[in-house]
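A short worksheet on the structure shown next.
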Amino acid sequence: MKNKFLLICLIGCSSLLIAQEYVTPPIKSTHGSVPVISDEAMEQCVKIYNEAKWLSEKLNNTHVNQYDNASVDNYNNQASKHSQMINYFNQSCAGKQQSYSAWKAAQKLNGR
């Protein structure tokens, strides 16, 4: 019985075992004036971008039991949280000057 649980956990818990590393958000090349935000704000942007990406991956791999209200509610709450994170990123981070400060923020969040 122990081995059966271990196999199920290795399959179902694999995302918990993988160390996640922060990456810089993708940037578009722009011409002209681009708003600049502080390094602290950029660190928050990098954090939100990565956490939203990880949550999206989790949601895409989640099986929802449509006959269980708790399962549906949990999924909907996580999807709502993801939407809020994306909205925050789009309003506060997208289109801001971020190349070097985003890289620095990702390095700091990764403990380097």
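Averaged over residues, the count of other Cβ atoms within 10 Å places the peptides 56-62, 79-85 in the sequence 79-85, 56-62, highest first. Think of each Lys and Arg Cβ as +1 and each Asp and Glu Cβ as -1; about the Cα centre, that makes the dipole of the stretch 21-109 roughly 280 debye. Taking other residues whose beta carbon is less than 14 angstrom from the beta carbon of L55, and scoring Lys, Arg as +1 and Asp, Glu as -1, yields +2. Within a straight-line Cα-Cα reach of under 18 Å, K108 can be paired with the following aspartates and glutamates, leaving aside sequence neighbours fewer than 8 residues apart in one chain: E21, D39, E40, E43, E51.
Just so you know, all these numbers are worked out from the coordinates, no wet-lab data involved. None of the values given here were measured: they were computed from a predicted structure. All Cβ positions, glycine included, derive from the backbone under ideal geometry; neighbour counts span all protein chains shown.
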